[in-house]
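Data block below; observations after.
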Amino acid sequence: MSRAITFSEYGAPEVLRPAEVTLPEPGPGQVRIRVRAASVNPLDVKIRSGAMAGAFPVRFPAIPGLDAAGVVDAVGEQAGAAVGDAVLGATVGGSYAAYALLQEPVAKPAALPWEVAASLVTVGRTAARVLGELGVRAGTTLLVHGAGGSVGILAVQLAAARGLTVVATAGEHDIERVTALGATAVRYGDGWLQRVRDAAPQGVDYVLDAAGAGVLADSVALTGDSARVVTIADMSAAEHGVRFSAGGPDRTGQSGRADDPLPQLAHMAAAGTLTLPVWRTYPLEQAAAAHADLEAHRNHGKTVLLP
């Protein structure tokens, strides 16, 4: 048996409770890790509340969580890592636990902190995936809505590294940080459209919406083409002819493919050329408090559980 956080019904953060669970056994291609860090993602909150029950049904009791980093302690046949390896990746069966299974483990560079390694998985793959879907090219201009969030802040850096001019909307407290990462940051909220036009007199070629704040109609007007706008946060996308790029379990990007961006992202983060802020870490047993803080938007960076 081992420690985990489980929930047996949809509801508020309090449905998350510590429990003793059967130690998971790795199947073909899988590894079991002793979890050193587990990322808390907004999707975890939506799954726990039942808001995503249609897209991601849960079999109770369930262990929440998508991403983890840790040390391999058991392997299945043809596993992609060996016992003792430090790895990160998307979990099979949940990450809020002392032990978890990874289907496609990615080697963790020694210089990469555990909490950053766990945090990078879903948001990193999502940022890389959406830039690929937009087909961004050097010399063009990208607008990122919600640049203070984890996907947004990675998209800003990846786009700037590819030679794009990046304009970003963010909260007042994130303006300085987003600017330091290579974007021209403007305050979101009323008047954002004019502020973006002032910041990008050359025009905007692409828009990534990571905020879901009702900006799609004006974003399409900015680019002149709904095909140049992608959202990961606004469920009204189809009303505007905009693509909704879905992530989550088994949909986080290129996991398991030769073009999986995660190994490169991990090396960039270890080398300091990619920044992903971690706001706070919590003991595993305080998962409910971590969810409550995330739901209340108190965080300014990634939230991580430490088993």
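Here ALA81, ALA90 are screened, and the one residue that is assigned to a strand (DSSP E or B), in the same structural domain as GLU25 (by TED's automatic domain parsing) and under 27 Å from THR273 (Cβ atoms) is ALA90.
Working carefully through the options GLY152, GLY146, GLY139, GLY132, find the one that is without any contact (Cβ under 8 Å) to a residue 24 or more places away in the chain and assigned by TED's automatic domain parsing to the domain that holds SER219. Write out each step before concluding.
Details: GLY152 fails: without any contact (Cβ under 8 Å) to a residue 24 or more places away in the chain; GLY146 fails: without any contact (Cβ under 8 Å) to a residue 24 or more places away in the chain; GLY139 fails: without any contact (Cβ under 8 Å) to a residue 24 or more places away in the chain.
Answer to the check: GLY132.
Residues considered: SER8, SER2, SER49. Of these, the only one that is small (Gly, Ala, Ser) and either crowded, with 19+ Cβ neighbours inside 10 Å or farther than 30 Å from GLY212 by Cβ (or both) is SER2. Only one of the listed residues (VAL116, VAL106, VAL75) is within 17 Å of the chain's Cα centre (by Cα), touching a residue at least 24 places away in the same chain (Cβ under 8 Å) and over 25 Å from ARG48 (Cα atoms). That residue is VAL106. Cβ-Cβ distances below 7 Å connect the following pairs, each with a first residue in segment 290-303 that is without any contact (Cβ under 8 Å) to a residue 60 or more places away in the chain and charged (D, E, K, R), a second residue that is buried (at least 19 other Cβ atoms within 10 Å of the Cβ) and assigned to a strand (DSSP E or B), and a separation of six or more residues or different chains: ASP293/THR303. Considering segment 201-217, the residues that are touching a residue at least 24 places away in the same chain (Cβ under 8 Å) and not in a loop (DSSP other than H, G, I, E, B) include one that is farthest from ARG125 (Cα to Cα), namely LEU216. Residues that are touching a helix residue (DSSP H, G or I) at 6+ places or on another chain (Cβ under 7 Å) and in a helix (DSSP H, G or I) do not occur anywhere in segment 26-40.
Please go through segment 237-254 and give me each residue that is assigned to a loop (DSSP other than H, G, I, E, B) and either in contact with a Lys or Arg (Cβ under 7 Å, 6 or more places away or on another chain) or modelled with pLDDT of 95 or more (or both), ordered by number.
Here is the first cut: in segment 237-254, the ones assigned to a loop (DSSP other than H, G, I, E, B) are 241-242, 245-254.
Residues satisfying the conditions are GLY241, VAL242, SER245, THR252, GLY253, GLN254.
Considering each residue of segment 54-62 in turn, at least one proves to be in a loop (DSSP other than H, G, I, E, B) and charged (D, E, K, R). The sole residue among GLY182, GLY189 that is farther than 30 Å from ARG34 by Cα, at pLDDT below 95, surrounded by fewer than 19 Cβ atoms within 10 Å (Cβ to Cβ) and in contact with a strand residue (DSSP E or B) (Cβ under 7 Å, 6 or more places away or on another chain) is GLY182. Per the listing GLY132, GLY171, GLY146, the residue uniquely at pLDDT 95 or above and out of contact with any Leu (no Cβ under 9 Å at 6 or more places or on another chain) is GLY132.
Select from segment 155-173 the residues that are assigned to a helix (DSSP H, G or I), within 22 Å of MET268 (Cα to Cα), out of contact with any helix residue (DSSP H, G or I) (no Cβ under 7 Å at 6 or more places or on another chain) and in contact (Cβ under 8 Å) with a residue 24 or more places away in the chain and list them in ascending order. Listed by number, the residues that qualify are GLN157, ALA161.
The values are calculated or read from the model by the stated rules, or taken from the named source; none is laboratory data. Quantities reported herein were computed from a predicted structural model and do not represent experimental measurements. Because the Cβ atoms are built from the backbone with ideal geometry, glycine has one as well, and the counts that use them run over all protein chains shown.
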